[in-house]
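Each value in this text was obtained by applying a stated rule to the coordinates, not by laboratory testing. If you're wondering where the values come from, they're calculated on a predicted model, not measured in any experiment. Every residue, glycine among them, receives a Cβ derived from its backbone with ideal geometry; neighbour counts consider all protein chains shown.
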Amino acid sequence: MSIHSVTVEIGGRPLTIETGELAKQADAAVIVSQGDSKVLVTVVGGSPSRFDFLPLTVDYEDRNGAYGTIPGSYFKREGRSNERETLVSRLIDRPLRPQFPKHFRNEVQVIATVISYDVDNDTDTLAMIGASAACHISQLPLSQPIAGVRISKVDGQWLINPARSEISKASLTLVVAGTADAVAMVEGGGQQVGEAEMMDAMDLAHAEVKKVITAIHQLRELCGSPKMELAPPPTLDEGVLALVNGKGEPALRAAMATPGKHERGAAIKAARGLIIDELVAGVEDQAEKERLTNDAKTAWEKLTRKLMRADVIQKGVRLDGRSTDEVRAIWNKVGVAPRAHGSAVFNRGETQVFATAALGVDRDSQRIDWAGADSEFRDFMLTYNFPPFCTGEARMMRGPKRREIGHGALAHRAIQAVVPDQAVFPYTIRICADVLESNGSSSMGTICSGIMALMDAGVPIKAPVAGIAMGLIKEGDEFAVLSDILGDEDALGDMDFKVAGTRQGITAFQMDTKIAGVPREVMLRALNQAREGRIHILDEMGKVLEAPRAELSLHAPRITTIKINSEKIRDLIGPGGKTIRGIQAATGVKVTVEDDGTVMVASSDGEAGRKALAMIREITQEAEIGKLYLGVVKRTVDFGAFVEIFPGTEGLVHISHLAVERVDRTTDVVQEGDEVLVRVIDVDRSGKIRLSRKEALEATSG
């Protein structure tokens, strides 16, 4: 057994990639470690598939045992991928997939299993590095390895692969992945940061990425397998190419000029059908007919890509006739769901998103049970739904796909930066966004509709947020940056990136590239053009609702917060929760109690809220020195009487304080069951209360 390893310093700490000890029946397996975090990543290549795309699957799996916990589910074992695992799987897939040859069709499976988790060394970037290293040392035809690092800016200092505690204080955090030549993927966001600062982060991170890639090359030199022989890409029939490029071009140009997504798609498909019909006319052999048809479809796709890109570069005209920096027509509407706490529709071109905002109390927060969670509970949630009708399709309704989870996470990150802190606004907030129409950038539409729903609900956000999807067409030294891209432009372009933020700066950023490199000046130009588009969208949103409403929705709960003595919590809750449930049943409010004695009462009915607060105060009130109380004598003894001044709280009236004159016997003045007016004259450290009837009489007579 030969074990090989390489080590490189990243973020001031050694990062090690090792192979040869575990999972030796996989095509390749590596362990990537930094600090006490270790991730085992395996890759297995299968036989050629029948699909016309690369059937690559990436699965990242946390293991509870890796960080010393037991799963909280009934079955006490890990189940389907949670949100974190899905997002990390996407994080690995996005930069890795473009590094395989476009005509490679073999099945490839990458599995990343966390075997040790250290909160100071997150495992997502380690898994990404491991996936790249495993593919590179295997026989799979990876063109070049990739690597990824996390970069954060904390107190003005740049940190690479920072600890979780440092990330929580960062003004900007990005995961940057790329090859030795260029950045291939960026994911992250910040607290309204500038475009130049975003570029600086990518440049610094890419320098670290190149160090890791050098180490991956070293590992391949030590133990790499010979690369598999890959057949050359299939060539197209020259006659088919000539026919498609000759007769097809004018027909395609006419079809591309058709307005409307579905109308344009139908026109292009019809034009292609006529070319194919002419091509296969008279061909009897079924196999030959199928070959010619497939070649024609491929040639048609190439022609479509060529014409669309040429029009953009040479004429500055896009598929739908817009200029490169033009945003589609926008209209907005708020208050569309009367019973929702807040609601909005955002419409941009043929993309439309409906969102509702709901306000709840502490108990409505989402419990987080995965590695590296910043908190056990999440008090701001965003759900993104992409039903089939939004693209005019009819298909099975199932759970959210990875794409939907990823888009929802991007929108969540963009809005979370402006959500008020719990200390300012003690509500649990949930946005539910449904895409009703989609033709490009539904995730950015979700941000716009979601933030307007929050403002409609009266949530005091720090600033409105908008998002825009950008694209890039690059031919040689010429390039064009496209604002607010269509779905077809996304598919035919060289890069797509999504930028969300306020007027002051960026809150969320996501980028994927399909070409080897994007020069810095091009990227900065694209970011600045995105800022112009973002501000234009904010202006359009502001025409409907410029700032949060001054008052909360009538249907939203009003939360009143009071503080009680933590020792009184048991009295408020009661045996088995009987007391607090009784308050809620009697008033219809929601009562939440924190361990520090903070009590929150949530109710959309003001009178019910006041009634609940009065009940809570009565149960948890404490004696105040100098205050008068009308109490009930509970017991008489030789030296005085014990008086209950409010439920569950008694104090002693010493015999010397029973009356103004001298008293020989307690029962000469009071009997059990009598109502007496008393004044609190002292509360000692142990909580014992001293009362005086004499001082109460003097006070009332005066």
Any chance you could run the full-extension gain for residue 294 through residue 567? It's 0.36 nm times the residue separation minus the Cα-Cα distance, nm to one decimal. 90.6 nm
Cα long-axis angle, helix 578-587 against the chain (0 to 90 degrees, to the nearest 10): 80 degrees
Theoretical ellipticity at 222 nm over the chain - DSSP helices of four or more residues, -39500 (n - 2.57) apiece, nearest 500: -10500 deg cm²/dmol
Of the listed peptides 72-83, 340-351, 430-441, what is their order by residue-averaged count of other C-beta atoms within 10 Å, with the highest listed first? 340-351, 430-441, 72-83
Helix axis angle, 83-96 relative to the chain longest principal axis, alpha carbon, degrees: 20 degrees
Mind giving me the nanometre distance, one decimal, between the label points for residue 49 and residue 227, set 7 Å out from Cα along Cα→Cβ? 2.2 nm
Anything over 23 Å Cα to Cα? Flag those among 627/694; 289/514; 24/210; 563/611, in the order listed. 289/514; 24/210
Only bridges whose two residues both fall in region 552-702 count here: according to DSSP, what percent of them are antiparallel, nearest 5? 95 percent
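Which order, highest average first, do 467-474, 131-138 follow once you tally other Cβ atoms within 10 Å for each residue and take the mean per peptide?
Order by mean packing, descending: 131-138, 467-474.
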In the chain, what % of DSSP beta bridges are antiparallel (nearest 5)? 90 percent
Rounded to one decimal in Å, the inverse mean reciprocal Cα-Cα distance for the chain, i.e. its Kirkwood radius, is 29.9 Å
Ordering of 537-545, 221-229 by packing [mean C-beta count within 10 Å, highest first]: 537-545, 221-229
A chain fully extended from residue 78 to residue 421 at 0.36 nm per residue, minus the present Cα-Cα distance, gains in nm 120.2 nm
Relative to the longest principal Cα axis of the chain, at what angle does helix 606-620 sit, 0 to 90 degrees, rounded to 10? 60 degrees
Shape call for region 628-701, from the Cα gyration tensor axes a ≥ b ≥ c (a/c under 1.5 means rounded, otherwise prolate when a/b beats b/c, else oblate), comes out rounded
Given a cut-off of under 8 Å on Cα pairs at least six residues apart, what relative contact order in percent is computed for region 1-73? 18 percent
